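Undergrad: Dropping the structure in here first, questions after.
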Amino acid sequence: MRLSNLVERFAAVVGAKAVLTEPADIAPFAIDARKRYSGHPLAVVKPASTGEVAAVVKLCAETRTAIVPQGGNTSLCGGATPDSSGAQVVVSLARMNRVRDMDVANQTITVEAGCTLAAVQAAARETGMLFPLSLASEGSCMIGGNLSTNAGGTAVLRYGNTRELTLGLEVVLPDGEVWDGLRGLRKDNTGYDLKQLFIGAEGTLGIITAAVLKLYPLPVGRATAIAGLDTVARAIELLTLMQRRCGERLVGFEIFSQRGLDIVRRFFPSLPAPFADAHPQYVLIELTDTREATSLRELAEEALGEALDAGLIRDAAIAASEAQAEALWGLRENLSDAQAMEGKNIKHDVSVPVSRIAAFVETTDAALAAAFPGVRMVTFGHVGDGNLHYNAAAPEGIASEKWMENQSAVNRIVHDSVAKFGGSISAEHGLGQLKRDEILRYKSPVEMDLMRRVNRALEPLGIMNPGKVL
């Protein structure tokens, strides 16, 4: 079949206006968020229903045409970017953005894959409920992508990754058949938990079109605090103390360094310095509860007072208003953007057991400093769940473009150290194209073979997001 005929058949399914082929129209879908990967798809097809997705996939299966599923196109690993062959089809889920059901008594919401994360949060909030997944890109990332990468974010410590927030899925399989697994059950012991195969698979096993997600009562009270500390090791001790004193009310526990703070305030000067004096490390702490905020602030004050008496922290401050809380969070949430404004740097999204974070940072910092004298580390992230964004910036006087020539060597040091400490080289961003080959060094042959066997069993044609993950 000629490619032009295939495009016409897509148009017959989804409508001519929902099939994009002009270079200017497909350009936003053909490059990743970091502008590291770009391609040239045959077309961008935008179905509006599960039935249309299934029909498009059947056409692709019939013609052996590769499919690249895409949500908000916020992947940081090139997981949703087509290649340059001109033969792949981007299937955008953006038009599938309905909330299908809200079940407050069951504490679930059923949404289509093209709903933005912010829209799901808002829909839950309107009924007095909370969908707790929270990411910097929540205004543009979509639920399908969150599911396909098992997204994490700032509330994993309390609520878990996307995997833990999902009860059921609807998936269009590689042959165009539809699996309806939209069950809002917390107990269902009837064989294999099939949804887990598709969560985190980055679209290589099928296209997620809808999901049943867990909700929680909307918190009434919130306490946001920041503490200055000497070392990462002290931060881990503080985490243990806060967990013991605050229990499940502890939602967020984020770390960043003085260098990170300096970068943020340079590019976002309206954000305040949290203390008059500088400290080597900072921890941002968030408590929430269904009780009034006053009791939470008192709890935070007591716990931080104990930490101060024990010498774990140098200083601490608790936000006195929502505006102050948002300003404190701004210091953390704008760090990635500030780093990008400063120049290119070698980024890592890694995780190690919480108990080994301090040793990992100390050991790996020293190894990088020995190999690349003057390297400037900007380490921050979700230390409460073991996930660090461990970034290496160029030494003073070296252009960032020149520094990026060291990426492979830096990655080898960092990733080997992650493996030594029992960690993962991808904590929440996925593998995509970026780490597809790198993972072969760190997963056992048995594990890789199992993954390939699952892929071949569900996707024998090899058309689902080829070149990603495997």
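Every number in this text was worked out from the coordinates using simple rules, so none of it is lab data. No experiment lies behind these values; they were computed from the predicted model shown. Because the Cβ atoms are built from the backbone with ideal geometry, glycine has one as well, and the counts that use them run over all protein chains shown.
Undergrad: Please compute the modelled spin-label separation between E298 and A370, points set 7 Å along Cα→Cβ, answer in nm with one decimal.
TA: Here the modelled spin labels are 5.3 nm apart.
Undergrad: Evaluate 2.2 N^0.38 Å with N set to the residue count of the chain, then give the Cα radius of gyration divided by it.
TA: Taking N as the residue count of the chain, the ratio is 1.01.
Undergrad: Assuming R0 = 45 Å, what is the FRET efficiency of I31 and A359, from their Cβ-Cβ distance, to the nearest 0.05?
TA: Efficiency, rounded to the nearest 0.05: 0.70.
Undergrad: Something else now. If you line up the long axis of helix 258-267 against the longest principal axis of the chain, both from Cα atoms, how many degrees apart are they, to the nearest 10?
TA: 60 degrees
Undergrad: Under a plain spin-label model, where a point goes 7 Å from the Cα along Cα-to-Cβ, how far apart in nm are A419 and E248?
TA: In this crude spin-label approximation the distance works out to 3.9 nm.
Undergrad: Can you pull the one-decimal nm distance between simple spin-label points at S84 and T231, each 7 Å off the Cα toward Cβ?
TA: With each label placed 7 Å out from Cα toward Cβ, I get 4.9 nm.
Undergrad: Any chance you could run the full-extension gain for R186 through Q258? It's 0.36 nm times the residue separation minus the Cα-Cα distance, nm to one decimal.
TA: Extra length available between R186 and Q258 comes to 21.6 nm.
Undergrad: Also, quick follow-up: Running Debye on segment 176-279 with equal point scatterers at the Cα sites and no solvent, what base-10 log of I(q)/I(0) appears at q = 0.16, 0.20 Å⁻¹?
TA: After summing over all Cα pairs, the log10 values are -0.92, -1.06.
Undergrad: Full extension from N106 to A323: what is 0.36 nm times the residue separation minus their Cα-Cα distance, to one decimal in nm?
TA: Between N106 and A323, full extension yields 74.8 nm more.
Undergrad: Something else: Can you give me the three principal axis dimensions of segment 394-453 from its C-alpha atoms, in Å, biggest first?
TA: 48, 24, 19
Undergrad: Quick one: compute the contact order of the chain, relative version, from alpha carbon pairs under 8 angstrom and 6+ residues apart, as a percent.
TA: 15 percent
Undergrad: What whole-number volume per residue, in cubic angstrom, does the convex hull of the C-alpha atoms of segment 99-217 give?
TA: Spelled out: Cα convex hull of segment 99-217, divided by residues, is 99 Å³.
Undergrad: Based on the mean of other beta carbon atoms within 10 Å per residue, what is the order of 176-188, 29-41, most packed first?
TA: Taking the mean over residues of other Cβ atoms within 10 Å, the ranking is 29-41, 176-188.
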